[in-house]
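Okay, structure first, notes after.
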Amino acid sequence: MKWIAVTESMPKPTGLFTYFIVKTEHGVGFAHYDNIYGFGGVTLSGPVQHSSCIVSHWMPLPQEPVE
């Protein structure tokens, strides 16, 4: 998996809420993306909540494990 800069390319959502791994100025987490509003609902790990995050990079979620 490779990070993709938002200046290079934006995701192509496959449903109403398509989630991606994201890199923000506050750390790494995940967010949903849609073509109208962009990235939203950013969730980061850690003890601090942030009211807004600017996504600089993204990558798709990995494939589910095969049992």
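The values are calculated or read from the model by the stated rules, or taken from the named source; none is laboratory data. From a predicted model like this one, the values you see are computed outputs, not experimental measurements. When we count neighbours, we look across all protein chains shown, and the Cβ atoms used for this are built from the backbone with ideal geometry, even at glycine.
Annotation: of all residues in the range 36-51 being aliphatic (A, V, I, L, M) and in a strand (DSSP E or B), the one that is surrounded by the most Cβ atoms within 10 Å (Cβ to Cβ) is Val42. Every condition in (1) out of contact with any Cys (no Cβ under 8 Å at 6 or more places or on another chain); (2) surrounded by 10 or more Cβ atoms within 10 Å (Cβ to Cβ); (3) on the phi < 0 side of the Ramachandran plot; (4) modelled with pLDDT of 90 or more holds for Val66 except the one numbered (2). In the range 43-58, the residue that is nearest to Ser9 (Cα to Cα) out of those that are β-branched (Val, Ile, Thr) and without any contact (Cβ under 8 Å) to a residue 24 or more places away in the chain is Thr43.
The residue that is modelled with the lowest pLDDT, among those in the range 2-20 that are part of a loop (DSSP other than H, G, I, E, B) and either surrounded by 10 or more Cβ atoms within 10 Å (Cβ to Cβ) or at positive phi (or both), is Phe17. Checked against the criterion of being of a type in the set (Phe, Trp, Tyr), in a strand (DSSP E or B) and either closer than 19 Å to Pro62 by Cα or over 12 Å from the mean Cα position of the chain (by Cα) (or both), the range 21-32 has at least one qualifying residue.
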